[in-house]
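These notes concern the structure reproduced below.
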Amino acid sequence: MITIALSKGRIFEETLPLLAAAGIVPEENPEHSRKLIIATSRADVRVVIVRASDVPTYVQYGAADLGIAGKDVLLEHGGAGLYQPLDLKIAKCRMCVAAPAGFDYASAVRRGARLTVATKYLTTAREHFAAKGVHVDLIKLYGSMELAPLAGLADAIVDLVSSGGTLKANNLVEVEEIMPISSRLIVNQASLKMKRGLITPLIDAFERAIP
């Protein structure tokens, strides 16, 4: 049995064509089902539905053989014990610094001002600002990141941006792009050794189906 860890939402939807290329069709849509373990059209493959941030942990400890996770999640997790054979080029967005439209971010950075930055991506933000020599105080939030500057909690935020519509609606502007983000296929290293005959064809099928 091969277990694939996926999260609901955009990653799940954009993974469906990749799974189909490997002859795998989930029997239920997690958006409409309460089941957390979903059978597929292949008797030897099942899908488990977990939080996006938990996908690397399930794969790292062998509760899942494979998973699909965003680069943002993998950077925060650290990637320990994970083989990352493919950038699947799905769920694309970018990690950015954003600030209120009236805030002169570039000038504050040049002056060496100490900035307060809200984010759930502490590791990525810390490494980014350290590399630039910018002094920051990081505040961890789990959601509604755009509210932090509006409420006076932070000078800026580090978050994922896709269309930029949410930033614009909250009078924020993108002031710096940190990196492009997409989703990766991750594999438990022990599973790859023990179940190579099952896993390798899946990796090959995913690779051929990358958009």
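The values are calculated or read from the model by the stated rules, or taken from the named source; none is laboratory data. Because the structure is predicted, anything quoted here is derived from the model rather than measured. Reconstructed Cβ throughout: ideal geometry from the backbone, glycine too, with neighbour counts over all protein chains shown. To get the accessible areas, we keep the full protein, side chains included, count just its heavy atoms, and leave off ligands, DNA and RNA. Shrake-Rupley method; radii C 1.70, N 1.55, O 1.52, S 1.80 Å.
Just a few scattered comments:
- Filtering region 140-150 to residues that are open to solvent by 50 Å² or more (accessible area, probe 1.4 Å) and free of Cβ contacts under 8 Å to residues at least 40 places away in the same chain leaves LYS140, TYR142, SER144, LEU147.
Let's see how each residue does on (1) closer than 25 Å to ARG10 by Cβ; (2) in contact with a helix residue (DSSP H, G or I) (Cβ under 8 Å, 6 or more places away or on another chain); (3) among the hydrophobic types (A, V, I, L, M, F, W, C):
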site: THR123; (1), (2), (3): yes, yes, no
site: HIS135; (1), (2), (3): no, yes, no
site: TYR142; (1), (2), (3): yes, no, no
site: GLU146; (1), (2), (3): yes, yes, no
site: ASP159; (1), (2), (3): yes, no, no
site: ARG184; (1), (2), (3): yes, yes, no
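- Total residues in region 190-202 satisfying the condition of being in contact (Cβ under 8 Å) with a residue 24 or more places away in the chain and over 23 Å from LYS89 (Cβ atoms): the figure is 4.
- Among the residues of region 151-160, those identified as open to solvent by 10 Å² or more (accessible area, probe 1.4 Å) and either over 13 Å from PHE103 (Cβ atoms) or of a type in the set (Asp, Glu) (or both) are ALA151, LEU153, ASP155, ASP159, LEU160.
- Test for LEU6: is it at pLDDT 95 or above and over 20 Å from LYS195 (Cα atoms): no
- Residues located in region 159-186, provided they are among the aliphatic types (A, V, I, L, M), in contact (Cβ under 8 Å) with a residue 40 or more places away in the chain and either out of contact with any Cys (no Cβ under 7 Å at 6 or more places or on another chain) or farther than 26 Å from THR57 by Cα (or both): LEU167, LEU172, VAL173, VAL175, MET179, LEU185, ILE186
- The residue that is nearest to MET179 (Cα to Cα), counting only those in region 114-129 that are in contact with a His (Cβ under 8 Å, 6 or more places away or on another chain) and not aromatic (Phe, Trp, Tyr), is LEU115.
- Of everything in region 181-199 that is over 20 Å from VAL117 (Cβ atoms) and within 22 Å of the chain's Cα centre (by Cα), the residue that is most open to solvent (accessible area, probe 1.4 Å) is GLN189.
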